[in-house]
Structures are given as C-alpha cells and as structure tokens.
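First the structure, in the form of structure tokens, and then the observations on it.
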Amino acid sequence: MKNSDLRPFPVIEKPLEGEYPASSRVYIDPVPNDGQILKHLAGGFQATRSLILSLSESRLVHRHAEGKWTIKEILAHLIDDERIYVYRALRFARNDSTELPGFDQDLFARYSEANKRDAEDLLQELSLVRQSTIAFFESLDPAALLRRGVADGKNVSVRTLAYHIAGHELRHLQVIRERYLS
C-alpha cells in the first residue's frame with residue numbers, strides 16, 4: 001500500500017507528551033519516532049494481512065477465553081476504531097470544538113457479525129479504510145495536525161490520532177500472537 005503517485009509520505013512528527021492522555025502511551029510509545037507514521041500505517045496493514053492469511057478459519061473464530069473476542073472480531077474492531085479515530089481527526093482538523101463521545105467497543109464487536117464474514121472480505125475492508133486514512137492524513141497541513149479536540153473526555157491532537165491508529169493495530173497484533181497463537 002503506497003500513496004498513489006509514489007511520492008514519499010510527508011513527515012508527521014510523533015506527538016509530544018501533553019498532546020494525549022497518559023493512558024494512550026500504550027498505543028503511542030511502540031510507534032517509531034521517525035515521523036513516518038503514514039509509512040507505518042501502510043506497513044501495519046501488510047503485517048496484519050500476512051498474519052490473518054496465515055491462519056485457519058478455526059483459529060480465526062477461536063476465543064482464547066470466555067467473553068474474549070475472536071481474531072475476526074479483533075479485525076472488525078480495528079476497522080471500527082480506525083473509522084472512529086479518523087472521524088475525530090477530521091472534526092478536530094477542521095477546527096470543530098464540539099466534544100465527541102466515546103463508543104462501546106464490546107457492543108460494536110458483538111454486532112459486527114465478523115465471524116460470519118470471510119477473512120479476505122474483512123481484510124479488503126481494512127485495506128480500503130486504511131487507504132482512506134492515509135489519504136486523509138496526507139492532506140493535512142502542519143497547523144491542522146496540531147489542532148486539538150476532546151473525544152471521550154480526553155484532549156488530543158490530530159496527529160495523536162494517527163499514531164493511535166498505528167499503535168492500536170500493533171497492540172492487537174501483539175495480543176493475537178501472545179494469547180491466540182502461543
């Protein structure tokens with residue numbers, strides 16, 4: 001996954017402490033501090049795709065513990081979360097100061113019907129969402145990336161939301177490897 005005209009991705013510096021709540025460090029810290037977040041988003045999709053395609057259907061719908069999501073539900077969760085975080089970034093980048101609500105990720109997962117979907121279909125949807133995410137963040141100027149807003153009671157910068165998306169995917173890939181594949 002590359003930007004359409006093969007230009008290098010623009011540099012988007014990693015957010016500084018104070019641009020996000022301490023609870024977001026679990027997602028922000030693992031992302032490299034090289035300003036290449038759009039490259040990492042593209043590469044993250046490829047890593048997710050490779051992992052998912054290496055697994056059997058029975059593994060994709062397995063729950064490692066009672067009440068936990070399946071790998072397909074995790075994939076649907078990544079799609080939902082990315083859409084929501086990009087929507088937040090859009091609102092804040094456009095200088096909308098409306099406080100945005102949180103969302104119930106367990107409710108979303110429960111009603112995603114992910115386990116009834118083909119893994120290729122989920123990956124195709126994630127690919128399209130990711131392409132849109134990259135195009136959106138590519139379109140922002142430096143001032144827009146530093147704008148801030150409040151979502152789910154937390155004050156964040158627009159660029160934090162890009163890093164959250166990448167780090168969130170990394171975190172869930174780690175969880176899959178540790179809890180579903182070991």
Nitroxide proxy distance, nm - points 7 Å out along Cα→Cβ at Ser182 and Tyr87: 3.5 nm
Let me understand the range 41-168 better: what is its radius of gyration from the alpha carbons, and its Dmax, in angstrom? 15.7, 47
Across the range 139-148, in residue order, what do the Karplus-derived ³J(HN,Hα) couplings come to in whole Hz, using 6.51 cos²θ - 1.76 cosθ + 1.60 with θ = phi - 60° and x for Gly and Pro? 7, 8, 8, x, 5, 5, 5, 8, 5, 10
Taking amide H positions as placed in the peptide plane 1.01 Å from N, state which residues far from Ala151 in sequence (5 or more) or on other chains have amide H under 5 Å from it. Leu100, Val156
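Let me know the charge dipole size of the chain about its Cα centre in debye, to the nearest 20, where only the beta-carbon of Lys, Arg (+1) and Asp, Glu (-1) is charged.
Its charge dipole is roughly 180 debye.
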Distance from the range 30-97 to the range 142-182 (C-alpha centre basis), Å: 9 Å
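Could you tell me whether the range 1-90 comes out rounded, prolate or oblate from its Cα gyration tensor? Rule is a ≥ b ≥ c as square roots of the eigenvalues, rounded for a/c under 1.5, then prolate if a/b exceeds b/c, otherwise oblate. Before the final figure, lay out the partial values.
Values: a/c = 2.27, a/b = 1.43, b/c = 1.59.
Taking the square roots of the gyration eigenvalues as a ≥ b ≥ c, the range 1-90 is oblate.
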Residue separation times 0.36 nm, minus the C-alpha to C-alpha distance between Arg59 and Asp34: what's the value? 5.5 nm
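Bear in mind these aren't lab numbers, they're just calculated from the coordinates by the rules spelled out. Bear in mind the structure is a predicted one, so any value in this text is a computation, not a measurement. Here Cβ is always computed from backbone atoms with ideal geometry, including for glycine, and neighbour counts include all displayed protein chains.
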